[in-house]
Amino acid sequence: MRDALEELRQSALEALSGAGSDAELREVEVQYLGRNGELTSLLKQLGSLSAEERPLMGKLSNEIKGEVQASIQERRKGFDEEKLQADLLGEGFDPTLPGPSAPAGGLHPLTRIRRELEDLFSSMGFYVVDGPELEMESNNFDALNIPGDHPARESHDTIWVREPSSPGAGDGTCMRTHTSPVQVRALRKFGAPLKVIAPGRVFRQETQDATHDHTFHQMEGLVVGKGVGVSHMLHAMNTLLEGVFGRKVETRLRPGFFPFVEPGFELDARCPFCEDGCRVCKGSTWIELMPGGLVHPHVLKACDVDPEHFSGFAFGLGLSRMVMLRYGINDIRWMLSGDLRFLEQF
Ligand code: DAH
């Protein structure tokens with residue numbers, strides 16, 4: 001039996017080294033190790049061996065089986081590698097060529113205009129500052145001279161994260177409803193004189209439609225110094241508009257009320273889309289673009305700036321609205337939709 005097993009080992013290994021393909025390997029495997037293979041039929045004779053010989057032959061046949069199996073696996077790996085090489089170097093494939101290039105991204109229109117305005121205002125000596133989106137009620141309202149019972153504080157306008165202990169108490173926390181609290185933070189931090197802009201996201205409890213979203217962007221401007229007045233404000237606002245639209249824009253100033261400025265104004269611009277009235281300007285040829293005014297003495301005091309020595313102006317630009325006007329975007333919901341059909345146009 002030992003001779004028969006040794007012979008089988010020999011011929012199986014020879015057959016394996018002669019196998020030229022995966023299919024041939026498989027044939028050899030079946031021939032020797034298969035259910036009706038040669039090794040199996042030899043093993044059937046184990047029963048007729050003596051008690052001493054039986055375990056020895058059993059052990060030897062296991063050893064042979066393991067050796068043949070290992071050698072099959074070894075050969076199979078070789079075939080796989082050859083196949084891979086052949087595939088790689090096959091006709092029409094050059095592994096040294098660079099892979100397909102990823103599509104190039106673009107900047108969101110909001111980012112573009114924000115960066116342009118940051119450049120413009122930095123060139124005029126303004127700091128670009130930032131504030132938190134989760135803001136203290138006292139910064140968002142109280143320091144800005146907005147009274148405790150002002151309707152803007154109510155939960156149908158403001159998204160409260162921690163409600164004040166009683167309405168208007170000033171100890172709540174909310175998603176900032178405008179960028180104006182950055183005026184307060186910047187003035188307290190840097191003091192007067194100061195020139196800053198503060199672009200950023202703001203949040204309101206809004207039902208969404210073509211002109212309202214719960215999240216949108218504003219840019220605050222603030223200048224505090226000696227003898228700062230309305231003419232300085234007008235100059236800054238007009239410069240800003242020329243920056244955005246790339247040409248002179250006709251503007252007009254109307255009175256407007258905001259608790260943190262006195263006097264307060266609304267700046268309108270001549271409609272850039274029409275001569276004699278259209279949907280955007282609702283037939284009036286003017287569009288409301290930017291509120292602003294002279295910083296209220298209460299605000300200066302709340303920020304430890306002496307209104308006897310300093311005065312200032314502030315304005316609030318609806319950045320989202322400005323971007324929509326410049327690019328002719330007709331629905332504010334596109335802006336933060338993340339929709340590639342929208343984004344790929346810029
Ligand atoms: N914060 C105001 C708003 O969100 C806009 C505004 C008005 C900002 C007048 C100002 C300002 O700085 O002077 O409606």
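The values are calculated or read from the model by the stated rules, or taken from the named source; none is laboratory data. These numbers were taken from a predicted model, which means no experiment stands behind them. Using ideal geometry, Cβ is built from the backbone for each residue, glycine included, and neighbour counts are taken over all protein chains shown.
Being closer than 27 Å to GLY20 by Cβ and either surrounded by fewer than 13 Cβ atoms within 10 Å (Cβ to Cβ) or of a type in the set (Asp, Glu) (or both) is true for just one of LYS59, LYS83, LYS65. Which residue is that? None of the others qualify; the one that does is LYS83.
Taking each residue of the stretch 248-265 that is loosely packed, with under 13 Cβ neighbours inside 10 Å and looking for partners that are of a type in the set (Asp, Glu) with beta-carbon atoms closer than 7 Å, six or more apart or interchain, yields LYS248/GLU242; ARG252/ASP268; ARG254/GLU266; ARG254/ASP268.
Here is a list: SER71, SER48. Which entry is of a type in the set (Gly, Ala, Ser) and exposed (fewer than 12 other Cβ atoms within 10 Å of the Cβ)?
On the way: SER71 fails: exposed (fewer than 12 other Cβ atoms within 10 Å of the Cβ).
Just one listed residue meets the conditions, SER48.
For the stretch 1-21, residues that are over 21 Å from GLY47 (Cβ atoms) and either surrounded by 15 or more Cβ atoms within 10 Å (Cβ to Cβ) or at pLDDT 85 or above (or both) total 9.
Would a scan of the stretch 201-208 turn up a residue that is modelled with pLDDT of 95 or more, in the same structural domain as PHE121 (by TED's automatic domain parsing), not charged (D, E, K, R) and not in a loop (DSSP other than H, G, I, E, B)? Yes.
In the set (1) under 30 Å from GLY20 (Cα atoms); (2) aromatic (Phe, Trp, Tyr); (3) assigned by TED's automatic domain parsing to the domain that holds VAL182, the condition left unmet by PHE93 is number (3). Within the stretch 156-195, the residues that satisfy the criterion of being polar (S, T, N, Q), in contact (Cβ under 8 Å) with a residue 12 or more places away in the chain and part of a loop (DSSP other than H, G, I, E, B) are THR158, THR177, THR179, SER180. Taking into account only those residues within the stretch 284-325 that are near the ligand (Cβ under 10 Å from one of its atoms) and within 31 Å of the chain's Cα centre (by Cα), which is nearest to HIS108 (Cα to Cα)? Checking each candidate, the answer is GLY318. Considering the conditions (1) in contact (Cβ under 8 Å) with a residue 12 or more places away in the chain; (2) away from the ligand (no atom under 15 Å from the Cβ); (3) small (Gly, Ala, Ser), ALA236 is excluded by exactly one of them, (2). Set side by side, the residues PHE273, PHE265, PHE257 differ, and just one is within 12 Å of the ligand (Cβ to nearest atom) and either of a type in the set (Ser, Thr, Tyr) or assigned to a loop (DSSP other than H, G, I, E, B) (or both), which is PHE257. Scanning the stretch 1-16 for residues that are under 17 Å from LEU49 (Cβ atoms), in a helix (DSSP H, G or I) and in contact (Cβ under 8 Å) with a residue 24 or more places away in the chain yields ARG2, ALA4, LEU5, LEU8.
The criterion of at least 2 residues that are among the charged types (D, E, K, R) is met by the following helices (runs of 4 or more DSSP H) wholly inside the stretch 33-150: 53-89, 109-123.
For the condition in a helix (DSSP H, G or I), buried (at least 20 other Cβ atoms within 10 Å of the Cβ), more than 11 Å from the ligand (Cβ to nearest atom) and assigned by TED's automatic domain parsing to the domain that holds PRO297, VAL244 qualifies. Do you know which of the residues in the stretch 218-233 that are in contact with a strand residue (DSSP E or B) (Cβ under 7 Å, 6 or more places away or on another chain) and assigned to a helix (DSSP H, G or I) is surrounded by the fewest Cβ atoms within 10 Å (Cβ to Cβ)? Checking each candidate, the answer is VAL230.
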